[in-house]
Amino acid sequence: MAAVRSPIKLALVVALLVEALNLKFCAFPVDTGLPATIPWYTRLLADEWLLTHLPGVVSLGLLHRLGLQRFDYFALFVSGYLETVLLLVVCIGLYQWIREVRRRGSEEEAASAIHD
């Protein structure tokens, strides 16, 4: 498997797919009318959605005061997309760093075994 050279490029593409699916299947799961008896995973999904779209949710108040309610979906999509990109860049970078550290460690072990 080829190493990902730029985690930003990969994150931009993957986040676009994630947010498109999120907008299609999971848009606005935060509802004040959620019953207390809902399954834990539904609550977890709603909380995750709220956290990843928090800047967009906060900006909705400003958009409504300006009379721009038609941009609600756009604000939520952009805020979720940007946070997903950042999260993916961090995860991909961390994964690449861990692989590099493990590779260096195995090279050092092999070099020390040769010299012994």
Computed over segment 7-115, the relative contact order (Cα-Cα under 8 Å, seq sep at least six) in percent reads 37 percent
Extension length gain for residue 98 and residue 14 (0.36 nm per residue less Cα distance), in nm, is 28.1 nm
Diffing segment 77-89: the Karplus 3J(HN,Hα) column from phi (6.51, -1.76, 1.60, θ = phi - 60°), in whole Hz with x for Gly and Pro, holds 5, 5, 5, x, 5, 5, 5, 5, 4, 4, 4, 5, 4
By Cβ neighbour count within 10 Å, fewest first, 57, 90 rank 90, 57
Under the 7 Å Cα-to-Cβ spin-label approximation, residue 21 and residue 90 lie apart by a distance in nanometres of 2.1 nm
Here, residue 48 and residue 34, labelled 7 Å along Cα→Cβ, have an inter-label distance in nm of 1.2 nm
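Any read-out appearing in this document is the output of simple, stated calculations on the displayed coordinates, not a laboratory observation. If you're wondering where the values come from, they're calculated on a predicted model, not measured in any experiment. Ideal geometry is used to build each Cβ from the backbone, glycine not excepted, and the neighbour counts take in all protein chains shown.
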